[in-house]
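The values are calculated or read from the model by the stated rules, or taken from the named source; none is laboratory data. From a predicted model like this one, the values you see are computed outputs, not experimental measurements. Please note: Cβ atoms are built from the backbone with ideal geometry, for glycine as well, and neighbour counts cover all protein chains shown.
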Amino acid sequence: MGEGSRRVWMEALALSLAWGADEALEETPVDRLSPRPGPPPTTLPGPAGGRPLPRASPRPAAGGPAVSAAERAAAAAESPEALRAAIAAFEGCSLRETATTLVFADGNPEATVMLVGEAPGAEEDRAGLPFVGPSGQLLDRMLGSVGLDRTRVLITNVLPWRPPGNRNPTDTEIALCLPFLMRHIALVAPRWLVLLGAVPTRALTGRAEGIRRLRGKWLEIPVPGLAGPVPTLPTYHPAYLLRSPAAKRESWADLRLLRRKILSAGEKK
């Protein structure tokens, strides 16, 4: 084994320890004699947040008075603070009536890395901050493995309100909230985007492929208000990794791609 390969394996082992793995065992016994069931025909593989994602059009359909109102409200915001106030005042999305708290963002608004998840869960809805539950704790350890923390990234979601019962967001809900997310990206102007899971990947890229096919590949996302597209890296949602620990290996590879981008740009790890 060469020195480079040995270093990669040592880094992978260090990450596994950071994520809490102390034994080379699966969570449940593996029956290798039974055929492996394929994914249900009506769902996309590799769901975000550990939940099935219904098949739908690649990008939520635009148009309609509520979406137009969201676009106008988002475009009028000249700062993240003004955008948060615009979201709080927006009455076009019914999720605001069932959620406890608006969950806007957490981290550094001047960060060069912006992470986008799906929607708040129960703990995020109570705290008013994204990724504070078990998946958020795992996300913090993932970031720490490549020398990042919440002082060096900005974290948000496609939806600022929790869907009832943590159900999947509908295409209509995504379409209503997407103008605010795109405006948020434009105001922050990050150098890199990281999309956590299938929902933000499909919403921002407009591509129909599942997260398993798109993860680990740098894409270019055009954002209104920015001079050029933003380099964007899809990867798995931390909640999915909690349900499927074997996928952490692929997420580690994705994080190393992000780290190389940061280092190649001359930033400190």
Of the numbered conditions (1) touching a residue at least 60 places away in the same chain (Cβ under 8 Å); (2) over 16 Å from the mean Cα position of the chain (by Cα), residue 136 fails exactly one; give the number of that condition.
(2)
Consider residue 168 against the criteria (1) surrounded by fewer than 24 Cβ atoms within 10 Å (Cβ to Cβ); (2) among the polar types (S, T, N, Q); (3) farther than 24 Å from residue 94 by Cβ: it satisfies all of them except one. Which criterion is unmet?
(3)
Identify, from the list 150, 126, the residue that is surrounded by fewer than 23 Cβ atoms within 10 Å (Cβ to Cβ), of a type in the set (Lys, Arg), over 14 Å from the mean Cα position of the chain (by Cα) and part of a loop (DSSP other than H, G, I, E, B).
150
Would you mention how many residues in segment 109-123 are assigned to a helix (DSSP H, G or I) and in contact (Cβ under 8 Å) with a residue 40 or more places away in the chain?
1
Determine whether segment 98-108 contains at least one residue that is more than 21 Å from residue 183 (Cβ to Cβ) and either without any contact (Cβ under 8 Å) to a residue 40 or more places away in the chain or surrounded by fewer than 17 Cβ atoms within 10 Å (Cβ to Cβ) (or both).
yes
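So which of 203, 208 is small (Gly, Ala, Ser) and at pLDDT 95 or above? Give the steps one after another, and end with the answer.
Working: 208 fails: at pLDDT 95 or above.
Result of the check over 203, 208: 203.
Go through segment 129-141 and report how many residues are in a helix (DSSP H, G or I) and within 14 Å of residue 195 (Cα to Cα).
We begin by selecting, within segment 129-141, every residue in a helix (DSSP H, G or I); these are 134-141.
Narrowing the set further to residues that are within 14 Å of residue 195 (Cα to Cα) leaves 139.
Number of matching residues: 1.
Sort through 219, 241, 226, 255 and tell me the only one that's without any contact (Cβ under 8 Å) to a residue 60 or more places away in the chain and in contact with a Ser or Thr (Cβ under 9 Å, 6 or more places away or on another chain). Don't jump to the end; show me each part of the working.
Working: 241 fails: without any contact (Cβ under 8 Å) to a residue 60 or more places away in the chain; 226 fails: in contact with a Ser or Thr (Cβ under 9 Å, 6 or more places away or on another chain); 255 fails: without any contact (Cβ under 8 Å) to a residue 60 or more places away in the chain.
Selected residue: 219, the only one of 219, 241, 226, 255 that is without any contact (Cβ under 8 Å) to a residue 60 or more places away in the chain and in contact with a Ser or Thr (Cβ under 9 Å, 6 or more places away or on another chain).
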Look at residue 230 and say whether it is surrounded by 19 or more Cβ atoms within 10 Å (Cβ to Cβ) and either closer than 18 Å to residue 111 by Cα or more than 16 Å from the chain's Cα centre (by Cα) (or both).
yes
